[in-house]
Amino acid sequence: MTVPARSAEGPLLDVRDLVVHFDARAAMFRRGRQTARAVDGVSFSVDAGETLGLVGESGCGKSTTGRALLKLVKPTAGSVSFQGEDLLATRGRDLKRLRRGLQAVFQDPYDSLNPRMRIRDIVGEPLIIHGLATGATRRRQILELMERVGLSEDLANRLPAELSGGQRQRVGIARALAVNPSFIVCDEAVSALDVSVQAQVLNLLRRLQQDLGLSYLFISHDLSVVRHVSDRVAVMYAGKLAESASSEVLYARPYHPYTLSILAAAPVADPDVERRRPDEPVTGEAPSPVHPPSGCRFHPRCPLAQDRCRTEEPELVEVEPGRWTACHFWRTLKDGGGTTPASAPRAPVKVS
Ligand SMILES: Nc1ncnc2c1ncn2[C@@H]1O[C@H](COP(=O)(O)OP(=O)(O)OP(=O)(O)O)[C@@H](O)[C@H]1O
Ligand SMILES: [Mg+2]
């Protein structure tokens, strides 16, 4: 099932049944190969000018999803359509052109910036790689890009180590913008920054979106940041989407017990959510991507779990316009039930 974008002209990015499996080496005393199901059938769309937030606990497959869109990892199955073209089937020059439209900003700029290159060369490198500008035009464009992200001209000759974390992240953004993309995967793009610097970089991303009509896939473990920047939010659990809705709706009234439990870890002002949410954030271990639980992957940790959840995998279905939920018992939360033992249909399942 696909979580569709909202525009009538069709989405900018359309991901269907994306699967990314890795070879996970078995422990030495075991035989044979094992498969890590990092992403196991994920579908979503993103419109032009829209931000889709992607949240979920560590290891659930957020970065792998983003990396598959960028073709940094090879999908095992599924399709990715970007600007109406099949990204996964495209090769050669066409791929290079399509790739220009899809850029990334990662968490740690140190990882992505060559420490020996000057800032002007880092920002200008994509212009060379894609043959977009030479000589004086390139020099002018580099300074324009730096100005656009709030970096003063006198930083052009510095090395990455001579910049602050926030400045380095601005360099990463300028570099992504150099090729004039329409879509940027922001993978924990502000997670390493201090809160005040985070706010500045988030404001910059928002301004760039307004000025340039950019779309973002905004990946983060920080629910309050995601809420702040996203039009819609998709919640991922163990390689699959658990729920997706507009940011406002999802945070105000989650229907999936996993969404509710991760909100328990984030501050929520809404008294209604406050009343329904569990005292503790989700407890127990995240499931192994090599041996995911049967049925609903969340069932071993879910206070609402019943027999059906152990055997029957819930599909992601549109339970209300624009709201997609993969839970057999979503109505329990819709109708105001909590996930505490007193209000749940049965006592919490013990996490083994
Ligand atoms: N190259 C790889 N080879 C084998 N397993 C991998 C590889 N990349 C990721 N994985 C596994 O896939 C799963 C999903 O990883 P991923 O990095 O996508 O999670 P994530 O949601 O981004 O987590 P985090 O919040 O910690 O960044 C994890 O179990 C991870 O160990
Ligand atoms: Mg990640």
Here the residues within segment 122-139 that are among the small types (Gly, Ala, Ser) and closer than 15 Å to Lys96 by Cβ are Gly131
With the first residue restricted to segment 123-143 and required to be of a type in the set (Lys, Arg), and the second required to be at pLDDT 95 or above and surrounded by 16 or more Cβ atoms within 10 Å (Cβ to Cβ), Cβ contacts under 7 Å at 6 or more apart or on different chains are Arg138/Gly124; Arg138/Leu127
**OP:** Confirm whether Leu177 is buried (at least 21 other Cβ atoms within 10 Å of the Cβ) and within 16 Å of ligand 1 (Cβ to nearest atom).
**Re:** no
Over segment 44-59, the set of residues closer than 26 Å to Pro287 by Cα, surrounded by fewer than 21 Cβ atoms within 10 Å (Cβ to Cβ) and more than 16 Å from ligand 2 (Cβ to nearest atom) is none
Check: Within segment 211-222, can one find any residue that is over 23 Å from Leu69 (Cα atoms), part of a helix (DSSP H, G or I) and away from ligand 1 (no atom under 16 Å from the Cβ)?
Finding: yes
Screening Thr64, Thr35 for residues that are within 10 Å of ligand 1 (Cβ to nearest atom), assigned to a strand (DSSP E or B) and in contact (Cβ under 8 Å) with a residue 24 or more places away in the chain leaves only Thr35
Within segment 68-92, residues surrounded by 21 or more Cβ atoms within 10 Å (Cβ to Cβ) and without any contact (Cβ under 8 Å) to a residue 60 or more places away in the chain come out as Ala68, Pro75, Leu87
Of the listed residues (Gly150, Gly131, Gly165), the one being over 30 Å from Val197 (Cα atoms), small (Gly, Ala, Ser) and surrounded by fewer than 18 Cβ atoms within 10 Å (Cβ to Cβ) is Gly131
Going through segment 279-319 in order, the residues found to be under 23 Å from Leu250 (Cα atoms) and in contact (Cβ under 8 Å) with a residue 60 or more places away in the chain are Asp279, Val282, Thr283, Ala286, Arg297, Phe298, Glu315, Leu316, Val317, Glu318, Val319
Answer with yes or no whether Ser112 is polar (S, T, N, Q) and at pLDDT 95 or above.
no
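The values are calculated or read from the model by the stated rules, or taken from the named source; none is laboratory data. In this text the structure is predicted, and so the values were computed from the model without any measurement. When we count neighbours, we look across all protein chains shown, and the Cβ atoms used for this are built from the backbone with ideal geometry, even at glycine.
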